[in-house]
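The values are calculated or read from the model by the stated rules, or taken from the named source; none is laboratory data. Source: prediction; values computed, not measured. All Cβ positions, even for glycine, are placed from backbone atoms using ideal geometry, and neighbour counts span all protein chains on display. Ligands, DNA and RNA are stripped out before the accessible areas are found, and what is left, the full protein with its side chains, is counted by its heavy atoms. Shrake-Rupley method; radii C 1.70, N 1.55, O 1.52, S 1.80 Å.
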Amino acid sequence: MSSANYQNAVAVIAKQEDKFLELVKAAKTDVVFKQEMLYAAQAMMNNDYLCTVAINNPLSLRNAFGQVAACGLTLNPARGLCYLVPRDGQVVLDVSYKGMIKTAVNDGAIRDCIVELVYSNDQFKYKGKRHSPVHEFDPFETEERGEFRGVYVEVTLPDGRVHVEAVTAREIYKARDASDLWKRKKKGPWVDFETSMFKKTGIKIAKKYWPQVGEKLDTVIQYLNTTAGEGFASHDVPISVVERYMGAAEVVDEAQPLPTSNEVEEQVPATDTTDAEPVDVQSQAPAPLEGEVLQASNNESQAPVDLPPKVLKKTQAVVNRARESQGWKAARDYVSAWPAEARDYALRLLSAAEYQAAQGE
């Protein structure tokens, strides 16, 4: 690595100080610019390829370094929370599953989190969402644990209650098959850090069922799913994965007490908040929402024909809640992590509804 390249790469970061401090203030995080700059410089000093990518794509370096300020994590390698890594011709901030947990704790969404992989030779007994499962295995047997079955994410909620979300291997692999780098090149973090990606995907799915999730974790996941190439690459995602990511299942309701393990949980999707009938999306567009502004000339608000009825109903529920509470920004933040087709459709409807609300109609 040439000294000039290294110095130029560090200079790109040095020029970001004012922007970095603005992001720290806006996000109300406590990371320190000079410390993070030192960690970034050390990372590039120890990785020639990272330094080369940073020089060839300085914008990606600035964006990745800015994410450190926004999410409030540190590049300190001893903490293992996040790293600057070269990926597909750009520098990205790779947030580890530990970093995702730390972000959720900092946001106040959870107190603690355990993420474990389960294999076919493990002794595993699921005891419901409100009790810790029984999981016995030899941590030193790295090759004899059998076939990967899935991952469970056990969190302690802010009020001290336990919530356990079990994610099957089938769901994990469907999420992998829909990710950008895997679809295009069969490379990237799913190849280099497979077990870590199992855990990260488990957290991405599980957090949809926590009573509250802070904005920073949603931002981190959106960044990982888009810029970092870990998430949905396009609209051709299996419907079951879309619905799982969007919470079309049991969701812990913040406004109501959690049932105990002895109670029978209702199997009513939390997304079914309207009485609308399922829409045959293959033959017709969804009915306009009440008060929706439509442009007949360009059909901007029509749903893509491959969006499932549950997604359409979920979108309608989000728009209705945003209209009632005037929480437009929160609604946009909420849908920002959805797959591209669903996200774009929801954002169009939100914009139309917000415009009409502003006109007092």
(Q) Checking the structure you have, find out if any residue of the range 83-94 is β-branched (Val, Ile, Thr), modelled with pLDDT of 95 or more and closer than 21 Å to VAL220 by Cα. (A) no
Q: Could you tell me whether any residue of the range 34-53 is touching a Gly at 6+ places or on another chain (Cβ under 9 Å) and among the polar types (S, T, N, Q)?
A: no
Q.
Checking the structure you have, find out if any residue of the range 48-68 is open to solvent by 30 Å² or more (accessible area, probe 1.4 Å), of a type in the set (Val, Ile, Thr), at pLDDT 95 or above and out of contact with any Ser or Thr (no Cβ under 6 Å at 6 or more places or on another chain).
A. no
Q. Within the range 16-35, is even one residue in contact (Cβ under 8 Å) with a residue 40 or more places away in the chain, in a loop (DSSP other than H, G, I, E, B) and farther than 14 Å from CYS71 by Cβ?
A. yes
Q) In the range 3-29, how many residues are open to solvent by 70 Å² or more (accessible area, probe 1.4 Å), at pLDDT 90 or above and under 13 Å from ALA41 (Cβ atoms)? A) 0
(Q) Tell me whether the range 96-105 contains one or more residues that are within 29 Å of GLY229 (Cα to Cα), surrounded by fewer than 16 Cβ atoms within 10 Å (Cβ to Cβ) and basic (Lys, Arg). (A) no
Q. Just a yes or no: is a residue in the range 150-169 among the charged types (D, E, K, R), free of Cβ contacts under 8 Å to residues at least 40 places away in the same chain and crowded, with 16+ Cβ neighbours inside 10 Å?
A. no
